[in-house]
Structures are given as structure tokens and as C-alpha cells.
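The structure appears right after this line, and notes come after that.
The values are calculated or read from the model by the stated rules, or taken from the named source; none is laboratory data. If you're wondering where the values come from, they're calculated on a predicted model, not measured in any experiment. Here Cβ is always computed from backbone atoms with ideal geometry, including for glycine, and neighbour counts include all displayed protein chains.
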Amino acid sequence: MRQDLDVEGCALREGAPGDAVCGVVPTRVAVPTDTDSLAGVMAAAHRRGLSVTVRGAGTALDWGRPPRSLDLLVDVSALSWIDHNAGDLVVEVGAGTPVAELYAALAAAGQRLSYDPVRAGGTVGGALATGVSGPRRLLSGALRDLVIGMTVVRADGVVARSGGRVVKNVAGYDLAKLHTGGFGTLGVIASVAFRLHPLPESLRVVSARVSSRSRAEQALAALRGTTVVPSAVELDWPAEGAGRLDVVLEGTPDGLDARVEAAARALAPRGRDGDPAVAEELPEGWGLLPAEGTVALVTAPPAESVAAAAWVGELSGAVDAAAHVRGSASTGSLSVSFPPGTSSERVGLVVDGVRSAGGHPLVLLRAEPHIRAAGIDPWGEVPGLELMRAVKDSFDPGHRLSPGRFAGGI
């Protein structure tokens, strides 16, 4: 296999336990240094009919299902570069570029990618492949909405490009949305172009304690009746104690004062549950999912986000699972984190309860090994699964890319 996979500009080595994807150790690991060598190794893998999974920084290799087979792990961390056109508010980056490195480069020019990472230490390609966006998607859209162009290497090694490097373009189909959140099952992301936004001059976080579901719903209804235009509205619903709402406001210093006052009045009228706190920086760990334990994503209509969080909390409490719910109250995207070591029985009862009695879609983003071993379906019922399978058949006829990792065993 080694001789057949020799490609100029691509290092090759044996797989090791540290390379495991959901517990599956690859036979080989390839490290291409550019798009050409990535295409070359993918073409070589195609000729041999090898199963392939992709890695950036490896921060989400325990997400999704274990691959059915893993002959080759392609490490794209060397595809790290930044081409920033500040005048056009556009940047093109390699898939292996660390998100933190990209943010630092953009901030130096007074700009940003309006996306809150959900994992520390991740790469741009990994963020796109997993497709989960943080709190400020409320104002600027999810990560996939910021993509204006993408270069992908197909399963057969052919390089495909869609979009371009200008904000308004009609170059080809919008294939980027298919690859975003596809867990590498349709192709290998090599590079991506994003539209950017100027860094806001000032930021305020208005935080208020909410002692009950009804108080949280009243506060959100009052907030919707204002003109404050928040960048994020985060709900924190712990297993025990009162919840909290965090409203992020961005803009000019002079323009923020009135918006902060309006948000504070909406969140805690007449000081109920105490006066709101106002900070000038985001809380530590803003938007990041817990680094340990099992984590699920629940989706609810925005108007039902508090009810969904309370329902998950009640269900969790009934089986002593101690789940912590947090997420965007205004988009209905909620994360549910279980303490490390929570039994598979308790997690399973919560998962089944939310999917059935609660009626809300739930995806297990990350499951601890004993949860995976229990056979809990990470994805649940997926509308449009047959169409997704047809897309997979078209993009990867041999089903060699991350086989089995995605919904329905795709």
C-alpha cells in the first residue's frame, strides 16, 4: 500500500492509537502539503478502493459514528495559509488553518469572520465539516452563510471549485452548503473563501438571572418588542439553580448606551430576579461546548426554545442525568451536555424522551465510548434521508469517504 500511495509533497506513515476516529485506528496516515498533493493521494486511494477519513486539528474526531472502515486518514493540517483581501472584506484560507490564527490575522486589519467557534483549537476545515455555529449566528448567519467559495477534492482525486472570491458571484452551483456539516462524506475541503465584517467598535453583554421558564419567556418576549438588534441571545439552563440570559450588543460606544438600557429593562423589569449585569467582554469560554462528556444538539422553533430547554431539564432530572442546556434562545439551537461518565441508560432515556415525547430533533454530536458501545443512534430520524443517500451516491459512488460516520450510516 505504501508504494501505491507515494505522492510528491505528501508524507505517509503508519496509523497509531492517537489517530483514532471514534475509536477506529487508521492503517495509514497521509499528510499532503498543498491541494495538488491532496488530490494526488485521493486519486491513489481511489485506485486502490481505500476508505478515507479527513483530519484537521483532530478536535472533532470523536463526533458522529465510528467509520465502518478506515484504511487512510488524510491529515490536512499542512494546508494552512491565509490570503486576506481587506479592501473587499474577503479572505481565502487553507482548510488546515487554525481558526484562532485566522481570527488574529483578521483582527489586525480591523475585521472578523462573524462566527463563534464551538471547539477550542479547531481548524477552518474542521469547523466547516462539522457545521455547528456558535451564538452570534443570530445576527450574521451560520458559518455556511459566510462562505462565498470553496475548493474541494472529490473522492476520485478531481479538484472541484464553486463560488469565488467576490461577495456577489454566480460561479457554479452552491456546493459549499452540501459540504458544510457533511462530516467529510462528500469530499475533502481544501480551501474556502469567506465574506467578512468590520470589527465592531464596542461590545456589551447584558446578563440577567431568570428564575423560571415563565420569567425567561417573558423576558424574551419583551426583548423582541425592542429595537436593540442583538448579535446573540444565549440561554443558560443548568441542571440546578436559576437560568440566565446573555444578550450581546455590538456597535458604536454612543449608540450602545440606549440599546443596553432597553435590553436591561426587557430582561428584568422593575428589578425582578435582580438587576441585570453589564460587561464589556464576552464571558470566558463563550460559545464553546464542554471538552468532556457526551454532548447533544437539540433544535426547536425559536419561540419554543425556553420550553424545549425546560423540557430537557425536567426529563434529565427525572432520570438523574444532570444535563446542562445552553444555546441560542433566538434561533432554537440548544446544546445538551451530560457530565462525563453519565450512564448510557440515563443518556438513552433523555435522548428517546426528547425525540419522542418532546418532538424535537436531537443529534449526539459527541458520545463517550460507553455511549457509542450501547448503540444509541447519534442522528435519530432524519427527514430527507433518501435524498441525502442519492447525493452521497452521486458524489462518492464507492462510499469510501468517512463511510458510516453520517446520518443513516452514510
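Determine, yes or no, whether VAL354 is buried (at least 23 other Cβ atoms within 10 Å of the Cβ), modelled with pLDDT of 95 or more and closer than 26 Å to PRO135 by Cα. It is false that VAL354 is buried (at least 23 other Cβ atoms within 10 Å of the Cβ), modelled with pLDDT of 95 or more and closer than 26 Å to PRO135 by Cα.
Taking the stretch 1-62 as the region of interest, the strands (runs of 3 or more DSSP E) fully inside it that hold 1 or more residues being within 17 Å of ASP396 (Cα to Cα) are 52-55.
Within the stretch 175-190, being touching a residue at least 60 places away in the same chain (Cβ under 8 Å) and surrounded by 22 or more Cβ atoms within 10 Å (Cβ to Cβ) holds for GLY182, PHE183, GLY184, THR185, LEU186, GLY187, VAL188, ILE189, ALA190.
Can you find a residue in the stretch 390-402 that is closer than 30 Å to VAL159 by Cα, part of a loop (DSSP other than H, G, I, E, B), modelled with pLDDT of 95 or more and in contact with a strand residue (DSSP E or B) (Cβ under 9 Å, 6 or more places away or on another chain)? Among the residues of the stretch 390-402, at least one is closer than 30 Å to VAL159 by Cα, part of a loop (DSSP other than H, G, I, E, B), modelled with pLDDT of 95 or more and in contact with a strand residue (DSSP E or B) (Cβ under 9 Å, 6 or more places away or on another chain), which makes the answer yes. Can you tell me which condition ALA190 does not meet? The list is (1) assigned to a strand (DSSP E or B); (2) at pLDDT below 95, and all the others hold. ALA190 satisfies all of (1) assigned to a strand (DSSP E or B); (2) at pLDDT below 95 except (2).
For the residues VAL147, VAL118, VAL91, VAL153, the requirement of being closer than 25 Å to GLU284 by Cβ and surrounded by 18 or more Cβ atoms within 10 Å (Cβ to Cβ) singles out VAL118.
How about the stretch 279-303: which of its residues are surrounded by fewer than 16 Cβ atoms within 10 Å (Cβ to Cβ) and either in contact with a helix residue (DSSP H, G or I) (Cβ under 9 Å, 6 or more places away or on another chain) or not charged (D, E, K, R) (or both)? Within the stretch 279-303, ALA279, PRO283, GLY285, LEU288, ALA291, THR299, PRO301, ALA303 meet the criteria.
Of the residues GLU345, GLU381, the single one that is part of a helix (DSSP H, G or I), of a type in the set (D, E, K, R) and surrounded by fewer than 21 Cβ atoms within 10 Å (Cβ to Cβ) is GLU345.
Residues in the stretch 272-302 that are part of a strand (DSSP E or B), at pLDDT 95 or above and under 25 Å from the mean Cα position of the chain (by Cα) were compared, and the one that is farthest from GLY359 (Cα to Cα) is THR294.
Consider ALA127 carefully, then state whether it is within 30 Å of GLY398 (Cβ to Cβ), crowded, with 19+ Cβ neighbours inside 10 Å and either without any contact (Cβ under 8 Å) to a residue 40 or more places away in the chain or of a type in the set (Val, Ile, Thr) (or both). Answer is yes for this residue. With the structure loaded, tell me whether ALA107 is touching a residue at least 40 places away in the same chain (Cβ under 8 Å), closer than 18 Å to SER140 by Cα, surrounded by fewer than 19 Cβ atoms within 10 Å (Cβ to Cβ) and over 21 Å from the mean Cα position of the chain (by Cα) or whether it fails that test. Yes: the conditions hold for ALA107.
Taken together, ALA60, ALA16 contain a single residue that is in contact with a helix residue (DSSP H, G or I) (Cβ under 9 Å, 6 or more places away or on another chain) and not charged (D, E, K, R), which is ALA60. Residues that are more than 19 Å from the chain's Cα centre (by Cα) and outside any helix (DSSP H, G or I) within the stretch 351-376 comprise GLY359, ALA374, GLY375, ILE376, listed in sequence order. PRO135 meets the conditions (1) buried (at least 20 other Cβ atoms within 10 Å of the Cβ); (2) under 23 Å from SER37 (Cβ atoms) in every case but one. The failed one is (2).
GLN218 meets the conditions (1) in contact with a Ser or Thr (Cβ under 8 Å, 6 or more places away or on another chain); (2) within 20 Å of THR331 (Cα to Cα) in every case but one. The failed one is (1). Residue pairs whose Cβ atoms lie under 7 Å apart, sitting 6 or more positions apart in sequence or on different chains, and linking a residue in the stretch 239-257 that is of a type in the set (Gly, Ala, Ser) to a partner that is part of a helix (DSSP H, G or I), are ALA239/GLY313; ALA239/SER316; ALA239/GLY317; GLY243/ALA216.
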